[in-house]
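Working notes for the structure below.
The values are calculated or read from the model by the stated rules, or taken from the named source; none is laboratory data. All values reported here derive from a predicted model rather than from experimental measurement. The accessibility values were calculated without ligands, DNA or RNA, using every heavy atom of the protein model including side chains. Shrake-Rupley method; radii C 1.70, N 1.55, O 1.52, S 1.80 Å.
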Amino acid sequence: MPAKDTEKLEHELSNAKTVDDYLDLNQDNLQNFTLKDYLTYLLQKKSLLKADVIKASGLEQHYAYHIFSGKKHPSRPKVLALALALRLTPKETQYLLYYAGAEKLYVRNPWDSVLWHALEHHLSVVDTNLLLESLAQKPFLC
């Protein structure tokens, strides 16, 4: 059975008579990923090496490995640096932020809009910081 997208699941949950019915019907579509699980999934999905992503993220190597191993709870800017390094879409980034326990990107926020644009256009961490600075926004990794 193909995986249902989130909107379909939301619709089914809204129309379910009981939450038990919904859970029973969708047990194969529900996930309990951790940040570590989702990062591992993304590396595999995109055929990327952890070392290459860490280098591209601009994060301190030791700290970044701790994020990937689930030993560190990174700040939102560090999660976004990983998202850029992983070349995630904005939608994938929203999931990454969710699993990291961080606030999702909000396009009405100018800073978040720049990050969204950077994700859409596959900008590097360095180029994103330069763009933020050129628009008088605070760089996300100093």
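Results, tabulated for the structure shown:
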item: Kirkwood hydrodynamic radius over Cα pairs of region 79-141, then Stokes diffusion coefficient at 25 °C and 0.890 mPa s, in µm²/s; result: 215 µm²/s
item: Fraction of accessible area attributable to carbon and sulfur, region 41-142 (%, probe 1.4 Å); result: 55 percent
item: Distance violations [Cα-Cα > 21 Å] among Lys78/Lys138; Lys4/Lys36; Lys45/Lys91; Lys72/Lys104; result: Lys4/Lys36
item: Probe 1.4 Å, accessible area per residue of the chain, Å²; result: 64 Å²
item: Region 121-135-region 32-85 distance, computed between alpha-carbon centres (Å); result: 19 Å
item: Estimated 222 nm signal from helices in the chain, with DSSP H stretches of n ≥ 4 weighted -39500 (n - 2.57), rounded to 500; result: -17000 deg cm²/dmol
